[in-house]
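Report on one structure; see the data block that follows.
The values are calculated or read from the model by the stated rules, or taken from the named source; none is laboratory data. What you see is a predicted model; the values in this text were computed from it and never measured. Heads up, the Cβs are rebuilt from the backbone with ideal geometry, glycines too, and the neighbour counts pull from every protein chain shown. SASA here: full protein model, heavy atoms, side chains in, ligands and nucleic acids out. Shrake-Rupley method; radii C 1.70, N 1.55, O 1.52, S 1.80 Å.
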Amino acid sequence: TPEKAPPIKGDILVHASADKEGQPVRVSELSEQGVSAWPMGKDKEGNNVIRKGEPNNQLAVYRFERDRFKVPEDGGHAHVVLQLDGITDQGVVAYSNKCTHAGCAVPNDPNDATRLFCPCHSGEYDLLQGCKVVGGPPPRSMPQLPIKLENDQLVVTETFVTAPYGFLNEADWESYLE
Ligand code: FES
């Protein structure tokens with residue numbers, strides 16, 4: 001079903017918090033502190049569908065100065081990718097927010113907003129380098145969801161740049177929608 005489908009090109013990012021759920025995330029609302037979001041697409045009748053039926057679609061969106069991002073070197077962890085084209089000119093980046101260790105939601109590190117610190121088992125991720133693992137037990141980075149700014153909305157340009165969840169490819173995912 002479309003609620004459980006992974007994000008696809010053309011989806012927009014909408015708030016996940018209860019008070020704003022479904023409202024488009026605006027650049028002006030963003031900072032280094034993550035804002036919870038879901039991808040929202042369309043069902044086959046053309047109605048909006050928030051893709052919150054798949055926990056792996058849980059996102060967080062951040063804004064940093066654009067030139068602080070750095071394409072990561074693979075520090076021994078598989079699937080570390082940062083697609084600079086998938087960060088908006090304003091420095092907005094979206095990543096999965098489901099810890100790759102045991103699935104906890106991961107907030108910013110209170111001591112360093114460029115990092116995430118997982119409350120469950122102290123996993124650490126670097127937001128400026130593709131959410132790569134920099135500490136603790138997570139086995140791989142949390143994947144980036146490439147986006148662009150269009151008509152004041154954050155629009156998905158392709159699905160997650162890594163496929164750590166066992167989904168095969170975008171064509172398979174699109175078949176969820178049929
Ligand atoms: Fe995040 Fe274990 S769930 S470190």
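For a straight C-alpha distance cut-off of 29 angstrom, the lysines reachable from LYS70 (same-chain residues fewer than eight places away being disregarded) are LYS9, LYS98, LYS132, LYS148.
A crude spin-label estimate for the pair ALA102 and GLN33, with each label 7 Å from Cα along the Cβ direction, gives 2.7 nm. All Cα-Cα distances of the stretch 1-151, cut into 5 Å bins from zero to the largest, leave 2, 10, 20, 23, 21, 14, 7, 2, 1, 0 percent in each bin in turn.
Counting only other residues whose beta carbon sits under 12 Å from that of ARG26, what net charge do I get with K and R as +1, D and E as -1? If you can, show how the numbers build up before the last one.
Working: positive: LYS20, ARG63; negative: GLU29, ASP152.
Residues near ARG26 contribute 0 overall.
Once the Cα-Cα distance is subtracted from the 0.36 nm per residue extended length, the CYS120 to ARG26 segment shows a gain of 30.9 nm.
Taking the stretch 42-114, which trypsin sites (Lys or Arg not before Pro) meet the DSSP loop condition and have no more than 15 other C-beta atoms within 10 Å?
On the way: sites: LYS42, LYS44, ARG51, LYS52, ARG63, ARG66, ARG68, LYS70, LYS98; in loops: LYS44, ARG51, LYS52, LYS70.
Here the trypsin sites (Lys or Arg not before Pro) that fit, given the DSSP loop and packing criteria, are LYS44, LYS70.
The charge dipole of the chain, taken about the Cα centre with unit charges on the Cβ atoms of Lys, Arg (+1) and Asp, Glu (-1), comes to about 220 debye, rounded to the nearest 20.
Full extension from ASN48 to SER17: what is 0.36 nm times the residue separation minus their Cα-Cα distance, to one decimal in nm? List each step's numbers first, then the result.
Working: separation 31, 0.36 × 31 = 11.16 nm, distance 1.73 nm.
In short, 9.4 nm is gained.
Multiplying the residue separation of ARG140 and LEU84 by 0.36 nm and subtracting their alpha-carbon distance yields 18.2 nm.
Given a 1.4 angstrom probe, what's the average accessible area per residue across the stretch 28-153, in square angstrom?
46
Across the options SER36, THR159, ALA105, the greatest Cα extent toward the positive end of the charge dipole of the chain (unit charges at beta carbon of Lys, Arg, Asp, Glu) belongs to ALA105. Charge tally for ASN56 (other residues, Cβ to Cβ under 12 Å; Lys, Arg +1; Asp, Glu -1): +3. Note: relative contact order over the chain, using C-alpha pairs below 8 Å and six or more positions apart, is 24 percent.
With +1 on each Lys and Arg Cβ and -1 on each Asp and Glu Cβ, and nothing else charged, work out how big the dipole of the stretch 1-73 is about its Cα centre, in Debye to the nearest 20.
Numbers: 12 positive and 12 negative charges, 31 e Å.
For this selection, approximately 140 debye.
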